[in-house]
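> Below is a structure I'd like to ask you about.
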């Protein structure tokens, strides 16, 4: 039996369309990837070249929030502050205060850094972004190691 040329052409054009309906379907719900984010190991600098801040993370029991903690470990031990998505400090303290923590909604956070300078004047020393979108339920430490 011979198939007319038009029929063959119609089949050649129809097969990809028919086959595209087979196999996997596109996801219809939210991303359910439960892979934990990698531990953070980041070094930040402010606009003051003397400053060094290390960023580290670990899983914690803070639910849907990210727990951001400031640790002042500088030689001077002077006051430091970090504004989280705002200009004024959200968390602040000096070396004698130990860890100062607050919880925030995960996301791409803007961190505004402050420190005591001459005569103890609290001075803005710049802002940096830190993407903590995947760090819900984690503790993130900002350890100020040099000033």
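> What single numbered condition from (1) under 16 Å from the mean Cα position of the chain (by Cα); (2) in a strand (DSSP E or B); (3) farther than 16 Å from residue 42 by Cβ fails to hold for residue 81?
Only one criterion in (1) under 16 Å from the mean Cα position of the chain (by Cα); (2) in a strand (DSSP E or B); (3) farther than 16 Å from residue 42 by Cβ is unmet by residue 81, namely (1).
> Taking the range 41-50 as the region of interest, how many residues are outside any loop (DSSP other than H, G, I, E, B) and under 20 Å from residue 112 (Cβ atoms)? Before the answer, list the steps.
Of all residues in the range 41-50, those outside any loop (DSSP other than H, G, I, E, B) come to 41-44.
Next cut, under 20 Å from residue 112 (Cβ atoms) only: 42-44.
Qualifying residue count for the region: 3.
> Residues 23, 77, 5: which one is farther than 29 Å from residue 105 by Cβ and modelled with pLDDT of 95 or more? Show your work before the answer.
Details: 23 fails: modelled with pLDDT of 95 or more; 5 fails: modelled with pLDDT of 95 or more.
Being farther than 29 Å from residue 105 by Cβ and modelled with pLDDT of 95 or more holds for just one of 23, 77, 5, which is 77.
> Now a separate question. Which residues, taken from the range 51-67, are surrounded by 15 or more Cβ atoms within 10 Å (Cβ to Cβ) and either free of Cβ contacts under 8 Å to residues at least 40 places away in the same chain or part of a loop (DSSP other than H, G, I, E, B) (or both)?
51, 60, 62, 65
> Which ones in the range 88-114 are more than 14 Å from residue 46 (Cβ to Cβ), assigned to a loop (DSSP other than H, G, I, E, B) and either more than 16 Å from the chain's Cα centre (by Cα) or modelled with pLDDT under 95 (or both)? Let's see the steps before the verdict.
Residues of the range 88-114 that are more than 14 Å from residue 46 (Cβ to Cβ), as a first pass: 88, 90-109.
Pick out the ones that are also assigned to a loop (DSSP other than H, G, I, E, B) and you get 88, 90, 94, 98-99, 105-107.
Within the range 88-114, 88, 90, 94, 98, 99 qualify.
The values are calculated or read from the model by the stated rules, or taken from the named source; none is laboratory data. These figures come from a predicted structure and were not determined experimentally. Neighbour counts run over all protein chains shown; Cβ positions are idealised from the backbone, glycine included.
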